[in-house]
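Enquirer: There's a structure below that I have some questions on.
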């Protein structure tokens, strides 16, 4: 089920359970997974893209193994907030994935997530080779952490 807005995504989730964040690239899909209480996002893996059916099978096997209850896809908006071809591609991926899983699917603005991930890896003194291997998963972690923080604020507002 695609939830275009975060409040609908939150409403579709069970009270506890991990979420997965995805950074969709042309060649890879970076995956991050949260803890069960949805407090901390951790980079998990990078899936090398082949074609949608194989990509989706690898992704869904991973999220099932980790007990994921919802998916957050990074939405690559332009810097001015407009939607370009990459956003259309992400939405098409979500529509295709929706046919294969009952998990709620939400979106999070991913502007500058890769830049932040690159900066963090440089500060950690990761080698160029290591950065290339993990950048997409780290970027997915930034995407997921942003969504987790917003979901926590929304849940807190509901209780107030």
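Enquirer: Of the residues that make up the range 76-99, is at least one within 18 Å of residue 145 (Cβ to Cβ) and touching a helix residue (DSSP H, G or I) at 6+ places or on another chain (Cβ under 9 Å)? Talk me through it step by step, then tell me what you get.
Expert: We begin by selecting, within the range 76-99, every residue within 18 Å of residue 145 (Cβ to Cβ); these are 76-77.
Narrowing further to those that are touching a helix residue (DSSP H, G or I) at 6+ places or on another chain (Cβ under 9 Å): 76-77.
Yes, the range 76-99 contains at least one residue that is within 18 Å of residue 145 (Cβ to Cβ) and touching a helix residue (DSSP H, G or I) at 6+ places or on another chain (Cβ under 9 Å).
Enquirer: Quick test for you: out of 111, 119, pick the one residue that is in a loop (DSSP other than H, G, I, E, B), out of contact with any helix residue (DSSP H, G or I) (no Cβ under 9 Å at 6 or more places or on another chain), at pLDDT below 95 and within 17 Å of residue 141 (Cα to Cα). It would help to see each step written out before you state the result.
Expert: Working: 119 fails: in a loop (DSSP other than H, G, I, E, B).
Residue meeting the stated conditions: 111.
Enquirer: Go through the range 30-39 and give me each residue that's farther than 13 Å from residue 145 by Cβ and surrounded by fewer than 24 Cβ atoms within 10 Å (Cβ to Cβ).
Expert: If the condition is that a residue be farther than 13 Å from residue 145 by Cβ and surrounded by fewer than 24 Cβ atoms within 10 Å (Cβ to Cβ), then 36, 37 are the ones that fit.
Enquirer: Scan the range 63-95 residue by residue and report those that are surrounded by 13 or more Cβ atoms within 10 Å (Cβ to Cβ) and under 16 Å from residue 1 (Cβ atoms).
Expert: 63, 68, 69, 70, 71, 72, 73, 91, 93, 94, listed by residue number.
The values are calculated or read from the model by the stated rules, or taken from the named source; none is laboratory data. Quick caveat: nothing in here was measured; it's all calculated off a predicted structure. Positions of Cβ are backbone-derived with ideal geometry, glycine not excepted, and every protein chain shown enters the neighbour counts.
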